[in-house]
Amino acid sequence: EKMQTVDKPTKERKLTMGFESKEFRGDEVLTVKDLAMAFDERTLFENVNLEVAGGERIALLGDNGTGKSTFVKILLGELSPTGGKLRFGPTVKVGYLPQLVTFDHPERNLVDTLLWDLNCTPQEARDRLAAFNFRGEDVFKEVSTLSGGEKSRLKLCELMSQKINLLILDEPTNHLDVDSRDWIEEAVRAYGGNLLFVSH
């Protein structure tokens, strides 16, 4: 009798959109030769050699602070290695989801963000946002007001609208709720291109 009754929770609509895979030509995706990285006197890694062919899926596993994200930044050209070299195949197009998602213009709302970043129509932007559970007035929120999980979802919305053939996910489930985690696992399983999945 003392229990307070509440409305039955509404079930979140399941995210159903998946990654589009860019057609891949040739076997060479990525070649890494004798790669090394050090900060001052601390060596993170050295003598890293890697040949990645079309269709391969790679998990990069390690404890926090061991250089996983640094390795990814080198792949993306954001950092220069202290030794060695790497080369991508000529038709490789990379899509990247970082641990901490940021946007160049956080003052824009969600619709405007897609309009600028994807060069799509307003209706296409709203349709894509709806597929990621951004509906109604939510699409007019400023990106800066989104939670970490919502920013990850918005970045995935952008990634999944582009044809890529090498997908790099840096601990992608860190800020996602359980349903979103299940969904990204399904999307990754269905993705047909090359995958580099970073986790600990």
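Coordinate-derived values only; no laboratory data. No experiment lies behind these values; they were computed from the predicted model shown.
Just a few scattered comments:
- Amide hydrogen proximity for residue 44: with H placed 1.01 Å from N in the peptide plane, the residues at 5 or more positions away or on another chain lying under 5 Å are 37, 38, 39.
- An ellipsoid equivalent to the chain, defined through the eigenvalues of its Cα gyration tensor, has semi-axes of 34, 20, 17 Å when rounded to whole angstrom and sorted largest first.
- P(r) for region 87-143, from all Cα pairs and a bin width of 10 Å, is 21, 43, 25, 10, 1 %, short bins first.
- Note: relative contact order over the chain, using C-alpha pairs below 8 Å and six or more positions apart, is 32 percent.
- Kirkwood radius, region 98-200, all distinct C-alpha pairs, inverse of mean reciprocal distance: 14.1 Å.
- Computed [θ] at 222 nm, deg cm²/dmol, the chain (DSSP H ≥ 4; -39,500 (n - 2.57); rounded to nearest 500): -7500 deg cm²/dmol
- Whole-Hz ³J(HN,Hα) from phi, Karplus 6.51 cos²θ - 1.76 cosθ + 1.60, for region 52-58, glycine and proline x: 10, 9, x, x, 6, 10, 10
- Aspartates and glutamates whose Cα lies under 12 Å from that of residue 33, excluding same-chain neighbours fewer than 8 positions away: 46, 51
- Within the chain, no helix built from a complete DSSP H run reaches 24 Å or longer along its own axis (Cα positions) while carrying a mean Kyte-Doolittle hydropathy of 1.0 or higher.
- Considering only alpha-carbon pairs that sit under 8 angstrom and 6 or more positions apart, the relative contact order computed for region 59-161 is 27 percent.
- Percent of Cα pairs exceeding the 19 Å cut-off, where the set is region 53-113: 51 percent
- For region 45-85, the alpha carbon positions stretch 28, 24, 20 Å along the principal axes, listed from largest to smallest.
- Mean separation of Cα pairs under 8 Å and 6 or more residues apart, divided by the residue count, gives region 22-82 a relative contact order of 32 percent.
- Beta bridges per DSSP with both ends in the chain, % antiparallel, nearest 5: 50 percent
- For region 89-102, Karplus couplings with θ = phi - 60° (6.51, -1.76, 1.60), whole Hz, Gly/Pro x: x, x, 10, 7, 10, 9, x, 9, 10, x, 4, 10, 7, 10
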